[in-house]
1. How large is ³J(HN,Hα) for each residue in the stretch 421-429, as worked out from phi by the Karplus curve 6.51 cos²θ - 1.76 cosθ + 1.60 (θ = phi - 60°), to whole Hz, x for Gly and Pro?
2. Working out 0.36 nm times the residue gap between GLU82 and ALA325, then minus their Cα-Cα distance, what length gain in nm do you get to one decimal?
3. Given an 8 Å cut-off on Cα distances and at least 6 residues of separation, report the relative contact order of the chain as a percent.
4. Report, ordered by chain and residue number, the lysines lying within cross-link reach of LYS624, taken as a straight Cα distance under 17 Å and ignoring same-chain residues fewer than 8 apart.
5. Could you check the simple spin-label distance between ASP449 and VAL514, using points 7 Å along Cα→Cβ, in nm with one decimal?
6. Which cross-chain or sequence-distant (5 or more) residues have an amide H under 5 Å from the amide H of GLY364, H modelled 1.01 Å from N in plane?
7. In the neighborhood of GLY323, defined by Cβ-to-Cβ distances under 14 Å, what is the net charge if each Lys or Arg adds +1 and each Asp or Glu adds -1?
8. Report relative contact order for the stretch 507-601 in percent, whole number only (criteria: Cα-Cα under 8 Å, sequence separation at least 6).
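The values are calculated or read from the model by the stated rules, or taken from the named source; none is laboratory data. This is a predicted model, so every value here is computed, not measured. Cβ coordinates were reconstructed from backbone atoms using ideal geometry, including for glycine residues, and neighbour counts include every protein chain displayed. Note: accessible area is taken over every heavy atom of the protein model, side chains too, but ligands, DNA and RNA are not part of it. Shrake-Rupley method; radii C 1.70, N 1.55, O 1.52, S 1.80 Å.
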Amino acid sequence: MTNQEPRVVFTPSGKRGTVPAGTSVLDAARQLGVDLDSVCGGRGICSKCQIAPSFGEFPKHGLTAAENALSEWNSVEARYHEKRGLAAGRRLGCQAKIMGDMVIDVPPESQVHRQVVRKAATARDITMNPATRLHYIVVEEPDMHDPSGDFERVSAALERDWGIAGVRIAPRLLPILQGVLRRGGWNVTLAVHDDGRGGGPRVIGVWPGLRDDPPLGLAIDLGSTTIAAHLCSLTDGGVLASSGVMNPQIRFGEDLMSRVSYAMMNPGGADEMTAAVRSALDGLATAISEEAGTEPTDILETVVVCNPVMHHLLLGIDPVELGQAPFALATSSSLTLEARDIGLNSTGVAGQVYILPCVAGHVGADAAAVALSEAPDQADSLTLVIDVGTNAEILLGDKRRVLACSSPTGPAFEGAQISSGQRAAPGAIERVRIDPVTKAPRFRIIGVDLWSDDEGFAEAALATGITGICGSGIIEAVAEMRIAGIMDATGLIGSAEQTGTPRVVPEGRTHAYVLHDASADGGPLITVTQNDVRAIQLAKSALYAGARLLMDRIGTETVDRVILAGAFGAHISPLHAMVLGMIPDAPLDRVTSAGNAAGTGARIALCNIDARRGIEETVTRIHKVETAVEPKFQEHFVAANAIPHATAPYPELRAASALPDVSFGASGGEARRRRRRAVETG
Ligand code: FES
């Protein structure tokens, strides 16, 4: 050790500097701008400031850390270790003092701006920078000679210990503040919300003593057919539970325009739909909390992404203007509201809601969320992002420009309007393969990792049963029927005779393919009917036509990359999506599946307030194309009805998979012609 001030290097940030001997590691971190967490403000009770000191020679950093370069284990650390346990090699940063040159590692869980690692290879990680953080304070007790209010003393403590000045309190918290202060013996934990918008910090939660549990947030993708939600920790971004429900507004109309018509035709109809969706969201908040073993009142922030019609109905705005050109939104800006404003009554009493901005009248906050998650505006090559839902969001672009449109696909890809269709939930068939020779299917269901022909599948499936087909299952089933020659390019399912399999059964004047038959035991008969194929054809044609329209606008015949996203549960198989002609032809290895990108975008906005500002700025640069008034849309739609397409050559697909040249309509026509000839010749 020298007489000079000790040098300290923090890893992994690499930040370094000198501090007076005896400075705590937490103070040194603060002085050098190192990201080290703390909830208790250095009182040695929260353990959020844990660090891992390293000793020995560090030529890379040009210093040697002696064993005594850090103060000895003190009584506060000993007490903490005795009560809660500190892992070997860890110290409390607020207690350990720097006495000599040191290298100190800040583990990920002690970083305020820690990274949330996303699984998909192409996905960028999320950096935590939430609006809501917890702060523990010790508040002065009231004194007759100093007649300040309890909240004023809370505010003073927050400024003294955390440097947070000018805090306000959500009025809904005032009735409980005094009780909590007294129950906590004047030691309380506050949740302080500050989204950097100039509104200043605001207390939105208060608990007696030190609160160990992280504040929670809910990221909601409110779709026309399904509502998907992730319950997340606002400390580390971890997903505690993911869940979903059907949108109860379906009873007022399957798709967006039928809901707008319902609002137009029925006095009070919009209010009815508002009430239905609000109560579904509130129920979902309760159910997902139960699933995670937490309380809905712990949810302090919610982020909602949705299409414009859902947006208006959730906010209690009549969507009538969205049903007619020029499709004017009441507001396209992002919104910050109280949870109670949108009926989230079970969540934290002063919970906050953030709704992403809409792009335009038919392109909503869900498209903004997809843009946030998949960032086509940062891509070097031309990227097509398709978020499949009842109303699909389609984005095409790169660093130079991004175009967006929405396309009315209908609910087929979410399992609705399909004879055996269901929401993506345990028990739903999500993957399908059909043997091209025997025409026998095998499949996987959500919740079981085995294929249906694997040993042990029947036992494993007992827990959920085999209940129906979800969106990704129906996409694979129809594409596999085409690959196996059970269905021709026009989408017609052949008869048992034509296809050579008894798995094709008559269904009225058409045919259906049997995927699973448990009817002998009183179970379900799961088939893909001709009507199901027609519903999928309509949906995929709308999707393709939307994408093609954007390609026309950009002036390209091909795209470099396709990202498929959607709330249909499992990831879509790129090959099957292309066999079906849902997407334009592209090299198969450049087609990736992103899961629920809108939900991920909501999660990013929940975890990071800079991302909110970023997407608000990005949407102003996205150019919106209105499919409803584009004559070319209809033309593209009709050509896309064939599987995969009537005219587009699909060279990449043909190279990857040879589709059988079968035609079942022709033989029917042939039979009719033969009958006609027989009649004519008498
Ligand atoms: Fe809370 Fe160190 S800051 S234990």
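1. Values, residue by residue: x, 7, 5, 5, 8, x, x, 7, 5 Hz.
2. On the way: separation 243, 0.36 × 243 = 87.48 nm, distance 6.84 nm.
Extra length from GLU82 to ALA325 when fully extended: 80.6 nm.
3. Values: 1532 pairs, mean separation 72.0, N = 682.
Normalised by residue count, the contact order of the chain is 11 percent.
4. Leaving aside lysines fewer than 8 places away in the same chain, those within reach of LYS624 are LYS399, LYS632.
5. For ASP449 paired with VAL514, the spin-label model returns 3.2 nm.
6. Here the answer is VAL359, since their amide H atoms fall under 5 Å of that of GLY364.
7. On the way: positive: ARG259; negative: ASP255, ASP318, GLU321, GLU626.
That works out to -3.
8. Numbers: 106 pairs, mean separation 22.4, N = 95.
Taking the mean separation of contacting Cα pairs over the length of the stretch 507-601, I get 24 percent.
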